[in-house]
Structure formats: C-alpha cells, structure tokens
1. For chain A, modelled as a Gaussian network with Cα springs under 10 Å, which listed residue fluctuates most, A:Val175, A:Val128, A:Val277?
2. Can you sort A:Thr286, A:Thr45 from fewest to most other Cβ atoms within 10 Å of each residue's own Cβ?
3. In 5 Å bins starting at zero, report the fraction of Cα pairs in the stretch A:1-159 per bin as a rounded %.
4. If r is the Cβ-Cβ distance from A:Glu23 to A:Ala76 and R0 is 25 Å, what FRET efficiency results, to the nearest 0.05?
5. Determine by what factor the alpha-carbon radius of gyration of the protein assembly as shown differs from 2.2 N^0.38 Å, reporting the quotient.
6. Cut-off under 18 Å on the C-alpha distance; same-chain residues fewer than 8 positions from B:Lys400 excluded. Which lysines are left, in chain and number order?
7. Find the centroid of the Cα atoms in the stretch A:72-98 and in the stretch B:88-124, then give the distance between the two in whole Å.
8. If you restrict to DSSP beta bridges whose two residues both lie in the stretch A:50-107, what percentage is antiparallel, to the nearest 5?
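What follows is calculated from the coordinates using simple rules that are stated; it is not laboratory data. Every value quoted in this text rests on a predicted model; they were computed, and no experiment measured them. Please note: Cβ atoms are built from the backbone with ideal geometry, for glycine as well, and neighbour counts cover all protein chains shown.
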Amino acid sequence: MSVATAPGALSGLLPESRVLTGEAASEWAGSPVRAVLFPADTAETQALVRAANETGTRILPAGAGSWLGAGGWTRAADAIVSTARLDGVLHYEAADLTLTAGAGLGWRRLGAVLEPNGQWLPLDGPGVGAGTLGGAAACGVPGPLKARYGGVRDNVLGLEVVTGDGRLLRIGGRVVKNVAGYDLVRLFTGSRGSLGVITKVSVRLFPRPEVDATMVFEGGMGAVLEAARVVRTSSLPVAAAELAVRPAGVVDGPAALAVRVLGGREEADDVCSRVAVEIGRAPGRTVRGGESELLHRRRTGWEGGSPLVARLAGLPDRLAATMEWAREVAGPTRGEIMADVLGGVVRVKGLPAGGDAAGVAGVLTRVRRGMEAAGGTMTLSQAPGELAAQVGWTGGGGVLAEKLKALFDPRPTLQSGCP
Amino acid sequence: MIPATLAKSLVEICGRDGVILDEDRLLVYESDALTAYRHRPGAVVLPRTTAEVRDAVTAIARHGLPVVPRGAGTGLSGGAVALDRAVVVGTARMNRIIEIDAANRRAVLQPGVINAELSAAARPHGLHYAPDPSSQTTCTIGGNVAENSGGPHCLKYGVTSRYVTGLTVVLSDGSVATLGGGGREAPGYDLVGLFVGSEGCFGIATEIEVGLVPLPEGVRTLLGIFDRIEDAGRAVSDIVSAGLLPAAMEIIDGPTIRAVEDSVFAAGYPTDAEAALVIEFDGVEAGLDREAGRAAILCERAGAREVRSARDEEERLALWKGRKKAFGAMGRIAPDLLVQDATVPRTALPSILRGISEIGERYGLVVANVFHAGDGNLHPNILFDRRDEAELERVERASKEIMQLCVDAGGTITGEHGVGLDKKHHMPLIHGPAELDAMWGVRRVFDPAGAMNPGKVLPEETAGGWSAERDGVGAGGPAVAFGAAR
C-alpha cells in the first residue's frame with residue numbers, strides 16, 4: 001500500500017472533525033506527518049488499528065503529541081493515532097487510592113480531579129506535565145521520585161490496549177496486589193506504543209504529603225557533586241535529589257543540587273535540617289508547598305522543545321563518571337545536564353552544533369558504548385529523524401523483545417522506538 | 001523414574017549428591033505447602049551454578065521431559081508440583097549471596113538464598129530487603145521472584161517486582177538470557193517485570209539482582225480491638241482516606257483470635273473481640289508519634305473498644321504475635337485448612353467481610369480471616385476435616401462463592417500466592433479468551449516447547465472454550481485444596 005493513499009483508508013472511519021491532514025496535521029505534531037486521527041472510544045481505536053493493519057498503513061500511537069517535535073518519532077509513520085479524546089475519568093474511589101481513566105486524560109485535569117481529596121499520582125518523568133496519562137504509561141520513563149514512590153511500571157495497575165494486530169486486551173486490574181497470571185501490564189507499560197495503543201489506564205494513587213519542600217544547594221561542580229554524594233549515601237528518607245549543570249561544557253561551572261523532602265510536618269522539618277547538617281552547610285534557599293511543586297513540575301518539562309535529548313543510566317555511585325559521558329554529548333551540542341542523583345540517571349539536551357549530524361551521531365554511539373561497557377545504558381528520548389535512525393533509540397532489544405513485538409504487532413503496523 | 005542415560009548425564013553435571021532418584025527421597029518433593037496436590041517427580045536435580053542449571057535443563061530437554069523449578073517449596077498454589085513425572089530443578093544448593101553493593105543499595109544473589117537471610121546480611125550496612133512474605137524465614141528469593149511475593153509491609157514498600165532489577169535466566173532450551181541488571185532502569189521492554197511472577201513457566205532465574213532499602217529509624221505499632229469486623233475494615237479505609245500511609249495494616253478476626261488465644265501462641269488479645277487491627281508506622285523518629293496518634297483516634301472513631309500501643313520492641317513483637325502465629329494456631333482447631341488469597345478494592349472490605357461470614361454461616365463452616373487489610377488482600381481460611389465428605393463438598397461450594405464475591409466487587413482471584421495448579425481453573429473468572437490467549441503467546445515466546453512447568457497457571461484451550469476443569473488432584477484425592485498450617 002502506498003503512503004499516498006494509506007491515511008485515506010483510515011480517515012473514512014472517523015468524522016472529518018476528528019481528522020487532521022496536511023499542514024494542520026504537521027502543525028499539531030510539530031513535525032511533518034500526513035494525518036492525525038482522534039478516535040473517541042475504544043471501538044473506534046480498534047477499527048483504526050485493524051484498518052491500518054489490513055492496508056499496511058504504519059501508525060504512530062500518541063497522546064497529546066507533546067513529544068513529537070524533533071521528527072524522529074514521526075519519521076516512518078503514515079499517520080498518528082492520538083488518544084487525546086479518550087479523556088474521561090471512568091472510576092475514581094478516593095479511599096481505594098486507585099483511578100481508572102481514558103488514556104487521553106491530561107495531566108493537569110488529572111491533578112484537578114485528585115486535588116480535592118488530597119491525593120496525587122507521583123510520577124515525574126520527562127514530559128508528564130504536558131502529556132496524557134496514557135502517554136506516561138506508554139513511555140514508562142520514571143523521574144527522580146522513583147526512589148520514593150516507585151516508577152511508572154510500579155504504579156500502573158491495569159491497562160486496556162488495542163494490540164498492533166487489532167486485538168483488544170484488558171490486562172491487570174484496579175487492585176494494588178494482583179498475581180493472577182503473567183504480568184502483561186509491565187510488558188505494555190513502557191513499550192512506547194510498539195505493541196499496542198493504550199486506551200484505558202488504571203493507576204495507584206498516593207496521599208499528598210503535608211509538606212513538599214525543596215532545598216537548593218548551589219556552587220561549583222565539585223562541591224555540588226560532593227553534596228550529591230552525601231545525600232545519596234544518607235539513610236534519611238529524601239524523596240528525590242536532582243543535580244543541574246549549565247552550561248555543561250564548563251568543567252567547574254555553576255551547578256545546583258535540589259533536594260526534595262516530602263512528609264508530615266515534623267518529619268519533613270527534621271529531615272531538612274539533618275540533610276543540611278550532613279552536607280555541612282545550609283541550603284542557598286528552600287522553597288515549600290506550591291512553589292516546591294512548581295519547581296519540579298517545570299523540571300518535568302525541562303527537555304522542552306529540544307531536538308536532542310539523551311538519557312544515560314548507570315549505577316548511582318558512578319554518577320560522576322556518567323556525567324562525564326553526558327558532557328561528551330553536551331560538549332559539541334552546547335547542551336545542559338540534569339542528573340537524578342538517587343537513580344543514577346543523567347539527562348542531557350542540546351542542539352547539534354554547526355549542523356554536523358555525522359559528528360553528533362558518532363559522539364552518541366561512542367557514549368552509548370562507553371556506558372554499556374560500564375554496565376549502563378544510553379537511550380535517545382528525542383532526536384531528529386535522521387539521527388534517530390542512525391543511532392537507534394535504544395541499544396537494541398534482543399531476541400525475546402523481537403519475538404514479543406512479533407507476537408502483538410506482527411506486520412508491523414505500529415511505529416516507535418521499541419524494541 | 002527417568003531414563004538411565006539422563007540420570008547418568010545429570011550426575012555428571014551436578015555430582016552424585018546433586019541428583020535424587022530414590023523413590024522414598026522423592027516423596028519429600030511431591031507437594032508444596034498446599035498439600036492437596038501430590039505428584040512425585042521423576043527426579044530431582046540440585047545444581048550449584050548457572051552453568052549447571054543450563055547443562056541440566058539442556059540434558060532434560062534432550063530427553064523431552066518437562067522441568068519444574070523449585071525453591072523451598074513453601075508456595076500455596078501447587079506451583080512447584082511436578083506433574084507427569086517431570087524433573088524438579090531445585091535451587092537449594094544455589095544459596096550464595098554474590099554481592100552486597102551497599103553504595104548502590106543492591107544485592108546480587110543466587111535464587112536459593114532465604115528471604116530473611118538476605119535482610120540479615122544487609123543489616124550491617126543499615127539496609128534490608130523490603131518484601132516480607134509470612135514464610136520469610138524459609139522461603140527463597142528465587143521463589144519470591146517466581147510468585148511476585150508480597151507480605152505485610154508491602155502496603156508501604158511494594159511487592160517483589162518493585163525490587164528486582166536484574167535476572168539471569170535459563171530457558172527451557174538451555175539458553176541463558178540476561179535481563180536488566182546493573183541496578184538500572186531497563187530501556188526497551190520490561191522483561192524483568194514480565195518474568196517476575198511467571199511462576200516458573202518462563203524459565204529458571206539463576207542469578208537475581210535486587211534493590212535494598214535503608215532500615216527505618218523508628219517504628220510505632222498499634223493494636224486496635226473491635227467488637228465488629230466491619231468497623232475494623234472501616235478504620236482501615238478511614239486511615240488511608242486521612243492521608244496516612246502505614247507500613248502495614250493487618251486484620252485478625254474473632255475466630256482467629258480465639259484460635260490463637262487457645263494455643264501456645266496466646267498473645268493476650270481479648271477473646272470476646274471480633275477483630276484485631278495491627279497498624280505499624282515506620283520512618284524517621286520525628287512525627288511518628290503524631291501519625292500513630294492520628295491512627296489511634298481514627299480507630300476509636302470507627303468503633304474500636306481499645307487501642308494498645310507498643311512501648312518497646314518486646315511489646316511490639318507481642319502485638320504482632322497474634323498475626324504471625326495465626327496459621328499455626330488454626331492448625332490446632334481443625335485438621336485441614338483452605339487458604340484463599342483474593343484481593344478486593346479496600347473500600348469493599350466491610351461488605352466483603354460480611355458476605356464471607358454469611359457464606360460461612362450458610363454452609364455451617366468456620367471461616368477465619370487473617371489478612372493484609374491495607375492492600376485489600378484477603379486470606380479467608382475455611383477450617384474443616386477432609387475425612388468428612390459432606391463437609392468437603394460444602395467447603396468447595398463456599399470457597400467458590402467467596403471467590404466469586406471478591407471478583408464481583410472488582411477484585412482478583414490471587415494477590416500474592418499465585419495461580420499454580422490451584423486457581424488455574426478460576427482464571428476464566430477474571431480473564432477473557434483474548435487475554436488468556438495473549439498470556440499463552442507470551443509464555444511460548446519464552447518456552448516454545450512447553451517444557452517449563454507445564455500444566456500450571458493457564459487453563460488449556462478446549463473446543464468449548466477455556467477449560468474450567470480442576471486438574472492435578474490425585475485420584476481419590478479431595479476436590480479442594482488445603483494449605484499446611486503455617
């Protein structure tokens with residue numbers, strides 16, 4: 001089936017008001033794409049995937065489309081299927097601390113639904129604030145709060161998915177402990193839309209802590225790294241710690257460590273003062289409540305519209321070495337670095353300098369090899385089409401991953417960065 | 001009995017003391033802690049390393065025999081039972097902690113390491129392994145990985161799958177795969193998460209990397225005494241709704257209290273009470289008293305007649321005693337015990353508890369409840385005597401009704417014990433044909449030959465749909481499952 005007619009085979013399934021084509025489609029995605037389709041329920045989603053499967057149309061599942069700008073993700077897709085209209089809250093019982101919603105439920109509305117009950121979904125991976133619940137589940141990328149609350153994969157309890165070959169699966173449930181059969185929820189969470197289109201999500205919620213406080217320690221790279229080491233090895237229940245460096249090219253340039261403390265009033269005050277004692281100095285500033293939350297919400301959008309974002313993960317005690325590798329990426333791209341101190345994860349973003357695409361690809365490949373040699377990984381989160389194709393989103397999935405892909409999306413119909 | 005050539009190969013691989021062929025000694029391996037299912041394996045092999053597991057599995061595969069992985073045999077779903085004289089690959093001799101990497105709060109170990117021994121080894125570093133199944137002094141981490149085990153403190157800390165970060169696994173064709181590892185988040189599919197809880201059907205984990213957590217600085221333990229079990233259930237919901245997150249919340253009901261108090265395990269619970277609720281908070285010292293105080297008030301408001309609080313470790317252990325010894329005590333009042341494991345939404349607890357008690361009354365059976373209330377994970381125990389055939393039949397019917405009641409409330413058939421042989425025929429209660437088919441597909445990705453723990457977890461597809469027939473119970477055996485007192 002040729003690319004020219006394929007999206008047409010899909011558009012006929014939805015009213016025109018829920019189909020974008022041409023310039024409007026590209027504008028919505030932020031990068032070139034022929035069509036964006038917005039199914040309004042599970043049945044329409046299934047019909048679209050089946051039609052795509054029958055006609056050989058390649059689709060990219062998406063949520064709000066907030067992460068498509070650099071072009072790498074949309075590169076090989078004939079059309080995008082966005083679940084943004086599947087945005088209803090389907091089941092929310094506050095005392096159960098669980099919620100089931102359509103995949104398209106936006107993060108802000110989710111927050112508004114939970115707030116009156118003093119609850120939240122403490123997922124703070126890159127991009128969650130601008131995206132959808134389904135998008136967060138599909139990407140499965142945790143943020144620094146993973147150390148306290150677990151990551152995306154620990155808090156998604158159930159999913160409804162349309163697989164690449166058009167089957168409808170309801171997996172998991174809405175109870176917090178469930179071992180009835182194999183854990184397909186963990187397989188689909190974080191599969192980046194490569195196995196199916198997620199249409200509904202059940203998640204575990206948490207009570208919002210009484211105090212949300214963030215202490216910011218600023219200084220030279222050496223001093224801030226040392227403060228980060230103290231926090232990492234402390235037995236104090238710090239909820240998250242992030243280290244920001246800008247500009248990354250400067251070896252002993254200004255850096256900042258943000259230590260987030262969550263808990264009851266006495267507990268949080270106690271932990272804050274003891275962290276300062278252990279580090280050996282008072283924080284430059286401490287923000288609390290909404291201000292602290294805002295600071296972290298902004299961090300989830302840190303990647304912004306950057307055309308290149310890489311994620312380096314290694315053992316936490318190798319953070320300094322991982323940051324050296326991140327500098328290799330940041331150097332030629334004049335980028336910035338953000339490190340999750342407790343998780344050992346370093347994010348780096350930047351613009352390829354002087355348009356030397358081959359040079360950037362070479363650097364990224366070398367960095368990936370370096371990370372892998374030390375038992376770590378490097379993943380591309382965002383990249384222009386050409387670069388993504390050259391370097392690869394991940395270091396490769398292996399035979400089992402390929403077989404699982406073939407099981408749920410044999411044709412393949414779904415385009416994405418996995419495996 | 002297995003072919004002599006295979007026996008010879010296995011002895012060559014694992015040594016003479018690593019292969020059990022003697023029929024009398026094989027008896028030890030005929031069941032797990034759910035003793036209704038008894039099947040003697042064809043042989044038991046006890047490898048010491050990944051290479052030995054690989055070679056043993058390869059040799060067994062060459063003879064076309066199935067493989068059943070086994071840890072300590074403390075499972076409660078018949079998952080480690082060897083059907084069709086399969087060869088059991090036991091991990092008893094793979095009990096080495098390879099590394100405790102305190103700096104990165106992780107440990108690498110062999111699958112036969114006992115759960116509590118891992119925590120003991122981590123303790124000098126100020127760390128522990130969080131998932132704490134009730135059998136933690138005997139169960140193995142490999143078994144925990146296979147079952148995705150829980151435990152009382154999983155309310156705050158989460159279950160096994162949250163802590164497993166890497167696995168080396170041997171698949172049924174003898175190939176070795178490395179999943180995740182290095183403490184890192186795995187890019188690509190979460191194959192580690194998929195493997196955890198696969199009940200020995202995907203392969204044998206031969207090396208396991210887990211995350212450790214710091215020991216809490218302080219602990220506060222409360223015991224609420226209630227005249228009505230629904231009130232205890234409501235207290236649990238109220239505590240959660242108030243934004244408190246205890247480390248554990250466990251309910252022990254009236255029949256269980258009386259069983260405990262009549263036994264050598266007497267914990268000083270009032271015998272006229274209908275429920276005892278154990279609540280534990282942990283964390284930094286600051287603020288713990290206020291949290292415990294708030295929980296105590298909520299218990300009183302929900303109708304607790306008394307709330308006790310432990311002043312020291314000795315008193316804390318006393319408050320926990322009734323919970324920890326409940327299964328042992330029940331073994332004294334009835335010869336047989338059926339343990340269920342459904343999980344329901346927390347808010348459904350009061351109505352479900354009432355429903356279970358009504359079902360028990362209707363069938364003239366004693367149902368004792370002791371369970372992880374904070375997670376909504378119930379363990380109704382039906383007490384009976386298997387020699388009474390009429391009672392047996394009532395037990396079977398009551399058991400089915402209880403399970404259906406939990407499923408209808410939005411729950412699931414097993415929260416932590418696994419499906420194994422015991423609940424396989426209940427799988428169609430909560431999974432449709434498409435979901436069961438998808439699970440079969442995933443299983444075949446790992447085990448195309450169908451040689452790894454066959455006959456477990458998934459019902460077979462038959463011409464008339466998915467089989468709901470119970471199987472695996474030996475001829476003449478009872479049609480119900482009953483757990484060993486523990």
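1. The residue that fluctuates most here is A:Val277.
2. With the sparsest Cβ surroundings first, the list reads A:Thr286, A:Thr45.
3. Calculated over all Cα pairs of the stretch A:1-159, the distribution is 2, 9, 17, 20, 18, 13, 10, 7, 3, 1, 0 percent.
4. 0.80
5. In units of the 2.2 N^0.38 Å rule of thumb, it is 0.93.
6. Qualifying lysines at Cα under 18 Å: B:Lys423, B:Lys424.
7. Cα centroid of the stretch A:72-98 versus Cα centroid of the stretch B:88-124: 40 Å apart.
8. If we restrict to bridges inside the stretch A:50-107, about 50 percent are antiparallel.
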